[in-house]
Each structure stands twice: as C-alpha cells, then as structure tokens.
1. Looking only at residues that are farther than 11 Å from Ala112 by Cα and surrounded by fewer than 24 Cβ atoms within 10 Å (Cβ to Cβ) in segment 69-85, which one is nearest to the chain's Cα centre (by Cα)?
2. Report, ordered by the first and then the second residue, all pairs with beta carbons closer than 6 Å, sequence separation of six or more or different chains, a first member in segment 8-23 that is touching a residue at least 12 places away in the same chain (Cβ under 8 Å) and small (Gly, Ala, Ser), and a second member that is crowded, with 18+ Cβ neighbours inside 10 Å and assigned to a helix (DSSP H, G or I).
3. Give segment 170-187 a look and list any residue that's closer than 19 Å to His126 by Cβ and part of a helix (DSSP H, G or I), or say none.
4. Please note which helices (runs of 4 or more DSSP H) are completely contained in segment 73-154 and include at least 1 residues that are in contact with a Phe, Trp or Tyr (Cβ under 7 Å, 6 or more places away or on another chain) and of a type in the set (Val, Ile, Thr).
Amino acid sequence: MTDNNLRPALLFWWGQVLALLRMNDRALETYRAVTRDSPRHQQAWSCIGFMLAERDQHAAALEAFERALAIVPRDAPSHFNIGFVLQRQGRHEEAIARFNRAIEIDPLVDRAWYGLGLSLASLGQHAQAAEKFEEAARLQPMNPYAGYQLAGARHKLGQHEKVRAEYLRVKGFDPKVAERIRVEFGVGAP
C-alpha cells in the first residue's frame, strides 16, 4: 500500500473508532476527509450517509448514499440505505422500488424485506406487507420487530390465529415484544 492509499484507509478506520466512541461530529468530519483524499471510497460515503440520516438531514444523506451507489452500483446495502431514507421521508413508493432492487441484488438482505413490509403497510397493503415481514422473520428468526410487524399486518387482515402463533413464537425469545403483541393486537392468554 502506498502512502497515497494509506492515508484514506487510516482515516477511515479512525472515523470508525470515533463513531464507536459516539464522537459523531469528529467522525463525520473524518469521513469527509477520507472522501476528499479518495472520492471513490464507497464505505466512507456510506458512513457519511448514515451519520446524516441520524441527524434527519435526508437530502444530504441521500446524496451521500447515491455517491456510494455510483461507486458500486450493484450494492444491495446502498439501495437499502436509500430506501430507508426515502421511507423516513414518507416517500413509500420510491422506497419500495429501492428495497425491491436491494432484494433483487441480494435476497438475503433481511432489512430490505423488513423495510419493504413497513412501506407496504404504510400504504395499507397489509397482505403484501405480511409476506415481506414473514420473509424478514425467516431470514432473521430472532428479530422481534419483524415478528411484531408481522403480527400487526396479520391483525389488520383479521388472521387472529396467525397473530397468536406469532405471539407465541416471539415470546420464546423476546417476552417484552411478545407482551406488546399480546396487548396491542388482543391476543388472549396462553
């Protein structure tokens, strides 16, 4: 590795350390320094996007994620990240397209299935949302939030036995979320 390559790599890892220490302003500036030194550093652009999304700076976050995607066009996480920001803006149709693209590239990205389910549910498409939450739960069986959302979609569809089954499944590994399912969706006592 030459000195020209070493500086962005070291800066990137320093940014990671700063982010872990929750020194987010310094981490963000460090990632920006990486992109000044190495404009095609895809990971740095993604990290900038995350940090801006956390600050609800959606337009700037989208721009950073689009820069990351321009460097690696078939990067499923970048499509997911863009979908996530669009979803937070209430732009569900656009988010759905990005989540679908992420799944097309890598069907094992459970977050994309989950995000897709959330956007579909927001649009009142509960049957389709339930299918997506089911897939997210299959890919990450210990994800209580996929179970919670699946139970919610099933509840909207009047599928009370399936809501109860999801409650019992989630209860096996996350009693707090299971209790939310029980209370919010009217699951009777076991």
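All of the numbers you see were taken from the coordinates with simple rules; none came from a lab. In this text the structure is predicted, and so the values were computed from the model without any measurement. For neighbour counting, all protein chains shown are included, and Cβ atoms are generated from backbone atoms with ideal geometry for every residue, glycine included.
1. Among those that are farther than 11 Å from Ala112 by Cα and surrounded by fewer than 24 Cβ atoms within 10 Å (Cβ to Cβ), it is Asp75.
2. Gly15/Ala27; Gly15/Thr30; Gly15/Tyr31; Ala19/Ala27
3. Scanning segment 170-187 gives Val170, Arg180, Ile181, Glu184, Phe185.
4. Correct list: 76-88, 92-105.
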